[in-house]
1. For region 486-502, what are the residues that are in a helix (DSSP H, G or I) and under 24 Å from residue 391 (Cβ atoms)?
2. Please tell me if residue 267 is open to solvent by 20 Å² or more (accessible area, probe 1.4 Å), within 28 Å of residue 319 (Cα to Cα) and part of a loop (DSSP other than H, G, I, E, B).
3. Determine which member of the set 78, 40 is open to solvent by 40 Å² or more (accessible area, probe 1.4 Å) and at pLDDT 85 or above.
4. Could you pull out the residue among 361, 313 that is aliphatic (A, V, I, L, M) and more than 27 Å from residue 440 (Cβ to Cβ)?
5. Under 6 Å by Cβ, and 6 or more places apart or on different chains, what pairs join a residue from region 234-249 that is under 15 Å from residue 260 (Cβ atoms) with one that is in a helix (DSSP H, G or I)?
6. Can we say residue 7 is of a type outside the set (Ser, Thr, Tyr), open to solvent by 90 Å² or more (accessible area, probe 1.4 Å), at pLDDT below 75 and more than 54 Å from the chain's Cα centre (by Cα)?
7. Would you mention how many residues in region 503-528 are touching a Ser or Thr at 6+ places or on another chain (Cβ under 7 Å) and not in a strand (DSSP E or B)?
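The values are calculated or read from the model by the stated rules, or taken from the named source; none is laboratory data. Computed from a predicted model, the values in this text were never measured in an experiment. Glycine also receives a Cβ, built like all others from the backbone with ideal geometry; neighbour counts cover every protein chain displayed. Heavy atoms of the whole protein, side chains included, go into the accessibility calculation; ligands, DNA and RNA do not. Shrake-Rupley method; radii C 1.70, N 1.55, O 1.52, S 1.80 Å.
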Amino acid sequence: MTSLPARGIPEEVAGAAQGSGSREVLAARARRLERRDRLIRETDAVVEGALDGPDLAVLFSNALPLLTEALGAKRSFIEALGDGRTAHPEGPTPDPLPDEDGFRPDHRLVVRGLVVGGQRLGVAGAVFEEAPEDPEHVEDLLEAWVEVLDDHLAMVGLARAKHGVSRDVSRALADPHLERGLDRALEILASAVRFDDLVLVFRPADGAGVAHRRWVSVREDGGLEGRSEDPRFADHVEEILDGDLAMVLAYLGLRSFRQEEILYGARSPRVIGRLLVGRRDGSLGREQRDLVQVFADCLRQRLVDFSREHAQLSTCFPPMAVARLLREPGYRERFLGPREEQVAILYADIAGFTRISEQRLGTPSLIATLVDTWADHVVEAIWATGGVFDKMVGDCVIGLWGPPFFESSAERRCESAVEAARRIRLVTQELPAHFEEPALRELSGELEVAVGVNFAPLFVGYFGPNDNYTGFSSGMNNAARLQGLAVKDQILCMEAVCDRVPAPFGPAHKARVKNVGYAITYRELLES
């Protein structure tokens, strides 16, 4: 009767165990396994100790003696790692080295390739005084030792790739001109990650303005092809931002994407953008996904900075001006630095505000609702006519025409300021109908505005520790004093404005105002 092999023991070993040398065979096998496990453990320990340091030469110098001892070799070596011919031997390295893994015919030299990400980066091997008794076991030990290093080299390679992408993308995105920096950053990503299509959509954190969008594909020659103006894409930007991706991507013919959300805010983060990177023939590998995440992290910080920049500009300038400023390289120095220019100036104030606050409204919340809503409408009127919102002092709103580009004529600046004054008077008269609170709706027919308009030299730009965009001159002060002379629904204009605007004005008046040594001359804008 034939005996069956023992469970868990290879058939050839079990067969040998039926003979007189069974114990010796099992013991030899156990010693080989123990030697292999010890080599892996000790090499792992060396690798763990090297994780905090980038010097691979130190790692190899510490790991090679372990291999030499385990193999019973004369010496061990690692060669041709990285760029150039860099050797880390315990002694002279054989030359030439075999191209294939395994033993050389005389069995005194054995090599195995160091392979990371499918790429052969170098070789490791050992030299023997005499051919080893068990070459298969030697190859097994060398393979185990190399696999430990392969894993570590893959980590090092990925870390270096991440660092390189992070460094280069950060440098590109540091360009003050976001669009130009973004184009360069996308080229860097394309050189590091094998993707076919990339979709990027983002908007300012305040939600103002049009969302920015990018759709690029990689051509056969490796260059990027912009497809952002494809109407199929442009018409579905908001859906991508809102996360309704499946149908949109299918509509665009895109699939298998790696998605990264770009969030803004720490306490209540919200999505301000989405990055989609993918291949048409399958998903991205782990290492490439990691590189995409590094790119997204760099981009996230730049877009957070962009949102802050956008928010600062949006407090003063109309959306179209903000969009243009952010497209202009060096816009702050070119357009927003302090300079003297001829500017149309408007002051608008709720007429009889103190009486309305104390006698008609009373509660602070109603007063605040009135002022806040009215100011929003006034700023919209300023922006709609191409003006800049300077600031609000109490219930008085100040607007400027000319900044930030100073490309319009003096006549156009004055005409725009007068048109804004008309709009402000109209929205003030109609405002009560928009309120739900009865006390505010009851102001219908008595909510009025007083406006003063001037045209004068102004030193205008960013000033002060808070970088406020404002202006200074006696002409600014005279506009404020003129507004103070206006009564209910009056629009008073200085002579410099009247001379430049083809509109009906009343007769000239002169008035002396506080702290001015001469009488100012003005006219009232009449209904056309």
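1. We begin by selecting, within region 486-502, every residue in a helix (DSSP H, G or I); these are 495-498.
Once the filter is applied, which keeps residues that are in a helix (DSSP H, G or I) and under 24 Å from residue 391 (Cβ atoms), region 486-502 yields 496, 497.
2. Numbers: open to solvent by 20 Å² or more (accessible area, probe 1.4 Å): yes; within 28 Å of residue 319 (Cα to Cα): yes; part of a loop (DSSP other than H, G, I, E, B): yes.
Yes; evaluated as a whole, the condition is true for this residue.
3. Values: 78 fails: open to solvent by 40 Å² or more (accessible area, probe 1.4 Å).
Residue meeting the stated conditions: 40.
4. Working: 361 fails: more than 27 Å from residue 440 (Cβ to Cβ).
Checking each option against the conditions leaves just 313.
5. 240/248
6. For residue 7, the condition - of a type outside the set (Ser, Thr, Tyr), open to solvent by 90 Å² or more (accessible area, probe 1.4 Å), at pLDDT below 75 and more than 54 Å from the chain's Cα centre (by Cα) - is met.
7. Residues that pass the stated criteria total 3.
This table checks each residue for (1) open to solvent by 70 Å² or more (accessible area, probe 1.4 Å); (2) modelled with pLDDT of 90 or more.
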| position | (1), (2) |
| --- | --- |
| 150 | no, no |
| 156 | no, no |
| 180 | yes, no |
| 184 | yes, yes |
| 205 | no, no |
